[in-house]
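Data block below; observations after.
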DNA sequence: TATTGTTATACTCTATAACTATA
DNA sequence: TATAGTTATAGAGTATAACAATA
């Protein structure tokens, strides 16, 4: 009977990426069923929770480029979720605001996200979740400190 | 002095998705610098490590649809990384095999992946990594058991 | 000139539906 | 008919470069 040597390096990247893919797809489905998508959800969260001064900050908060944000905002404006108007103080800035429909979608997606989170957390204790969150944060910090 | 109440539900999904996005982008860059991409890397790993009987199994292993796999294999064949030939035993089956260039790319990408993993793990102990891997696995199991 | 945002364009990954080849 | 794979087509998300508007 042979013993397979434990690999010197456990590929945590593989585990993380596989988990994230599975979780992300499940989350996609949950958001889609509620009429949304991940980018839209991220944008709605940012608009609701943090006071962004302009679209550049919004794009940074969501983690996408300005042109990509414009692309999503175009869709959201067409769908009646947000309005854009110029800031009278500085007419270069476009103020993005949620409409009633946007607010409503935010709440539906929040509800879907909470349900999804509950299912994902099932069987994990509070302290396990806290440990997980902290370890993930440390991983992210390590890779965020890129050379680029 | 007010105390902000801890949220009843820590959005582990948000933490996971943010971490995964950061890690995934960093990994993308590392693979791109070595001449690859995540789908190509996944396909190479599967070809090297698990004996897949046909392309359907390969697609399942990678987590994509058959047509999507065909798309990637077309590119990989054009790039001289793999060959496809019919199985004489069952001519419906196309046997996918790595070329020398494919082997070489596998090793380069493996090296990039290991480097990336090391950087990501920095400051985390073996047991912390093991804990993290186990917790992630439990999360993934929970969401994988979809209704759909 | 510098900043804010948009437009034009394109690339990657993915998917579904219809198709071919083989059994 | 059923199975293995490909082709055709499309859609979502992202990005860069060039541009317009404003300061």
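Here, each number is a calculation from the coordinates, and none is a lab measurement. The structure displayed is predicted, hence computed values, not measured ones. Cβ sites come from the backbone with ideal geometry, for glycine too, and all protein chains shown count toward neighbours.
Odds and ends about this structure:
- Projecting 7 Å from Cα along the Cα-to-Cβ direction, the label point of residue B:137 sits 2.6 nm from its equivalents in the other copies, listed shortest first.
- Projected label distance in nm at residue B:137 and residue A:48, using a 7 Å step from Cα toward the beta-carbon: 3.5
- Histogram of C-alpha separations across the protein assembly as shown, 5 Å bin width, %: 1, 5, 10, 13, 14, 14, 14, 12, 8, 5, 3, 1, 1, 0, 0, 0
- Note that segment A:1-106 carries a Kirkwood radius of 16.1 Å, evaluated over its alpha carbons pair by pair.
- For A:125, A:17, order by how many other beta-carbon atoms lie within 10 Å, fewest first: A:125, A:17
- Theoretical ellipticity at 222 nm over chain B - DSSP helices of four or more residues, -39500 (n - 2.57) apiece, nearest 500: -21500 deg cm²/dmol
- Residue B:49 label point (Cα plus 7 Å toward Cβ) to equivalent points in the other copies: 3.3 nm, shortest first.
- Mean separation of Cα contacts under 8 Å (6+ apart) over length of segment A:1-130, as relative contact order %: 23
- Counting only other chain Cβ atoms within 10 Å of each residue's Cβ, the peptide B:126-136 averages 6.
- Contact order relative to length of segment B:66-108, as percent, for alpha carbon pairs under 8 angstrom and 6 or more apart: 31
- For A:21, B:48, order by how many other beta-carbon atoms lie within 10 Å, fewest first: B:48, A:21
- Distance between segment A:31-84 and segment B:82-145 - C-alpha centres, whole angstrom: 33
- Copy-to-copy label separations for residue A:85, where each label sits 7 Å from Cα toward Cβ, in nm and ascending: 7.1
- On the rotation that sends chain A to chain B, the chain A Cβ lying closest to the axis gives residue and distance in whole Å as A:20, 2.
- Relative contact order of segment A:33-108, pairs being alpha-carbon contacts under 8 Å that are 6 or more residues apart, as %: 31
- Between the Cα long axis of helix B:126-144 and the first principal axis of chain B there is an angle of about 80°, rounded to the nearest 10.
- Note on A:26-35: average number of Cβ atoms from other chains within 10 Å of each residue's Cβ is 2.
- Exposure proxy shown here: for B:64, B:114, B:43, A:129, the number of other Cβ atoms within 10 Å sets the order, fewest to most, as B:114, B:64, A:129, B:43.
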